[in-house]
There are 2 protein chains.
Amino acid sequence: MINLTTTAPTFAADFTTLVNARREADADVARDVRAIIARVRDEGDAAVHAYTKSFDRHDLDATGWQIDREEWRAAYDGLAPDLRAALQLAAQRIATYHEKQKPQGTDSTDANGIRTGARWNAIEHAGIYIPGGRAAYPSSVLMNAIPAKVAGVDRIVMVTPTPDGEVNPLVLAAAHIVGVDELWRIGGAQAIAALAYGTDRLRPVDVITGPGNAWVAEAKRQLYGVVGIDMVAGPSEIVVVADGENRADWIAADLLSQSEHDPTSQSILFTDSAAFADAVAAEVDAQIETLATSKVARAAWDANGAIIVVRTLEEALPLVDRLAAEHLELACDDPQALFDKVRHAGSVFMGRHTPEAIGDYVAGPNHVLPTGRRARFASGLSVLDFMKRTSFLQLGPQGLAAIGPAAVALAEAEGLPAHARSVALRLP
Amino acid sequence: MINLTTTAPTFAADFTTLVNARREADADVARDVRAIIARVRDEGDAAVHAYTKSFDRHDLDATGWQIDREEWRAAYDGLAPDLRAALQLAAQRIATYHEKQKPQGTDSTDANGIRTGARWNAIEHAGIYIPGGRAAYPSSVLMNAIPAKVAGVDRIVMVTPTPDGEVNPLVLAAAHIVGVDELWRIGGAQAIAALAYGTDRLRPVDVITGPGNAWVAEAKRQLYGVVGIDMVAGPSEIVVVADGENRADWIAADLLSQSEHDPTSQSILFTDSAAFADAVAAEVDAQIETLATSKVARAAWDANGAIIVVRTLEEALPLVDRLAAEHLELACDDPQALFDKVRHAGSVFMGRHTPEAIGDYVAGPNHVLPTGRRARFASGLSVLDFMKRTSFLQLGPQGLAAIGPAAVALAEAEGLPAHARSVALRLP
């Protein structure tokens, strides 16, 4: 963990180092992934089978390539009632929030009878990647599949690796709740390639979303353009802006909720109280010891944690914008006043009673968010990721007479005579 | 050009071959581009200078790295009056159309006082790539920069190569009309890398859009994630669905307006009249000879042109969806009836008086559209490409009491104790 204060003479340089610290995949991953994609493209199911045997240590022909609906249902029925209710509450709230994202088309006609507009349609086939092992989260199923469902996607194909053949009943139960269409026991870059290109067994999809390790993220990046993807995902981060009136144990828990994800996760606190900064640092150290995830949390906090003392909370806001964090907590009495001055953040959690984790599960907004400063230009996952817009145009003779000559002039100036002719022939 | 008819026994296979025909960049381009990007990242301006000397044959220190505003203004003043008016009409109509794309935020609070919403902000820095040489189109300047302007981007940086030092006055005039902020004489993959990573001279941008050759497109693809990009762009295509009541010379000109772009462009006609099919084929051959662009148009039409005779226009629609074309013309009396059944197309041109070229210039909708079947999942360029959405959430004690326990249950089930604790500590 590093301690900074904006009054220190080296602050500007130290903060720039923090902003530019790279925590992402290297060239080796890119090369490995290129090879995997090429082999799946060439060999199809045989390559997927071989990679699964090698990486996940099971034989797809023996375990089955897909997991049946009956197994999803059984997993759902087997859930503890409070967990079942929690998943249902989450699913319902997520659906309600995402319903509001459905875009409106436009259709208007001007005085010359020139009609212009845009129509939104859902994509046909969506692929949802859900990691296996440690990061097999049912919340990821809900957060990825529900926007696709709300968009009106025809076929939602979930893929998830089952290392050593073991399935995760929570993931199965979530698949049942959302009502996906297919669930395949495949993972890694090979699953992304199979979804993008299709194989004899698996029909290809149009968009792939969902979290994954560095290989999965790199495969999605390399296949962007063959399919649509949600975003290039990197390690998570949280930035907390908190005054000295907060409880140190609450804020420490918020910082650790990011650190426990992965050793590359980043947690940064800005506060205007040096005493509070010290109290949170002490609380973090105390709480870490009690966590079942202490090893990961300790590694992340030591390597990527930061506490930055600012003169005023306002002073933090331009720094917050430079970090363009995935998650931003504004823990103070008037969070709206700060939020009004923030331009770049994936999702913002306002006030003292809004820990980031509430947004990970049940509040409604999506937890798939831009990481690694990408909130400068990218948005969280939404219904729009599963839809696309077709613009349209309709002219009659009068409309063409009004604007056609300008098109002819421009086409000729650009040296495109067939463009000009296609308009000119239709002019009176 | 190939001739197909849906009644032929080999039609299904022949059409699948047409759909899957690849017309895009190869592995060599990807390797070259990786090397260029790495060098620009490491060496900055020195690499950009060297590549420009080598590829564009001029010395940036001699010609100047940027083109001054006075030169844009002079180019604008020097335009023929009809061309100046045409560019102004285009700019105004494009701005009007794109204004309607500005997204609405949401902000709502439920009975438990749980506030959820989303806020849209413009990105700060946009890079617009405009090709030099044959494809230096002022319309591309308008179509890329105006959505950025409407979005409210702070700084629009245009880059365009000036081979042998020669500038294109039309491109300069368009830059003046839109009011971009900077105009640099650099191009190719090296310009994309400089925009993405920044150099000592050029501050980096957040999003890069605009057309380019295979190297430019591949550089954008490789840098996707470092910056946002509009789309992976490939060769253009047009699909025309026309009944026998059309004029063959009009439809032939429409097909050729695509073919004249590039030898890889594709033009496909579906018609329910075999006689009309023959008439169009004859017209295409006749018109090609008279075009200044005949060499390119001939190459494209011969290699990638197709005329497909269908029993009814309705029969064409599922085939049209499989092609998911950039441009789709519906040339018949009731185009809306056909449009209602189309799911995948970048932009649709309805009726007999709506040649695709009118949309390239002055109608209003954007001409930057998904190519190569990407209309299955992608949309044309819009204001949204220059904005991003921040979701937000605000709970009080009552709201947290209502949904917090569900979050605790899910966090514990997912094995994330700090997540659970950050919520549980705040519960009564």
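Before moving on, here are some points about what is shown:
- Semi-axis lengths, Å, chain B, gyration tensor of Cα atoms, sqrt of 5 times eigenvalues: 40, 33, 22
- For the range A:234-376, the C-alpha radius of gyration divided by 2.2 N^0.38 Å, with N the number of residues, is 0.94.
- Theoretical gain in end-to-end length, A:Ala62 to A:Thr96 [0.36 nm per residue, Cα-Cα removed]: 8.2 nm
- A:Arg311 label point (Cα plus 7 Å toward Cβ) to equivalent points in the other copies: 8.0 nm, shortest first.
- The simple spin-label model puts a point 7 Å past each Cα toward its Cβ; for A:Asp28 and B:Lys295 those points are separated by 5.0 nm.
- Among A:Gln266, A:Gln398, A:Gln101, the largest mean-square fluctuation in a Gaussian network model of chain A (Cα springs under 10 Å) belongs to A:Gln398.
- FRET efficiency for the pair A:Asp154 and A:Asp333, taken as 1/(1 + (r/R0)^6) with r the Cβ-Cβ distance and R0 = 60 Å, rounds to 0.80.
- Its Cα gyration tensor gives the protein assembly as shown an equivalent ellipsoid. The semi-axes, each the square root of 5 times an eigenvalue, are 47, 32, 25 Å from largest down.
- Under-5 Å amide H pairs with A:Met387, H placed in peptide plane, nonlocal only: A:Ile123
- Nearest-20 debye value, the protein assembly as shown charge dipole, Cβ charges on Lys, Arg, Asp, Glu: 320
- Value at 222 nm in deg cm²/dmol, rounded to 500, when DSSP H runs of n ≥ 4 in chain B each add -39,500 (n - 2.57): -14000 deg cm²/dmol
- Candidates A:Leu369, A:Thr290, A:Cys332 compared by Cα position along the dipole of the range A:234-376: farthest toward the positive end lies A:Leu369, with charges placed on Cβ.
- Calculated FRET value between A:Ser108 and A:Ala275, using beta carbons and R₀ = 56 Å, to 0.05: 0.40
- Cβ crowding within 10 Å averaged over residues, with B:414-420, B:325-331 ranked highest first: B:325-331, B:414-420
- Averaged over B:336-346, number of beta-carbon atoms from partner chains that fall within 10 Å: 3
- Electrostatic dipole magnitude of chain A [Cβ: Lys, Arg +1; Asp, Glu -1; Cα centre; debye, to 20]: 1540
- Square roots of 5 times each gyration tensor eigenvalue, C-alpha, the range A:52-154, largest first, Å: 39, 20, 11
- Label spacing, shortest first and in nm, from A:Ala282 to its equivalents in the remaining copies (7 angstrom along Cα→Cβ): 9.5
- Chain A's nearest residue to the axis relating it to B, judged by Cβ and reported with the distance in whole Å, is A:Tyr224, 3.
- Residue-by-residue Karplus 3J(HN,Hα) for the range B:154-168, coefficients 6.51, -1.76, 1.60, Hz, glycine and proline x: 6, 9, 10, 10, 9, 10, 7, x, 10, x, 6, x, 7, 9, 9
- Most mobile of A:Pro263, A:Pro169, A:Pro405 in a GNM of chain A (Cα contacts under 10 Å): A:Pro405
- For B:Phe11, inter-copy label distances in nm, listed shortest first [label point 7 Å out on the Cα-Cβ vector]: 7.3
- Counts of other chain beta carbons within 10 angstrom of each beta carbon in peptide B:95-101 average 3.
- Calculated FRET value between B:Thr5 and A:Leu425, using beta carbons and R₀ = 22 Å, to 0.05: 0.20
- Across peptide B:375-385, the average count of Cβ atoms from other chains found within 10 Å of a residue's Cβ is 6.
- Lys pairs, chain A - Cα-Cα below 29 angstrom, 8 or more residues apart or on other chains: 12
- Of A:Asn20, A:Asn168, A:Asn121, the residue with the greatest mean-square motion in the GNM of chain A, using alpha carbon springs below 10 Å, is A:Asn20.
- Signed unit charges on C-beta, dipole axis of the range A:1-99, positive-most listed residue A:Val29, A:Tyr51, A:Gln66: A:Val29
- Estimated inter-spin distance, A:Glu43 and A:Ala401, nm [label 7 Å along Cα→Cβ]: 6.7
Read-outs: derived from the displayed coordinates by stated rules, not from any lab. All values derive from a computational prediction rather than experimental measurement. Don't worry about glycine lacking a Cβ; one is built from the backbone with ideal geometry, like all the others, and counts go over all protein chains shown.
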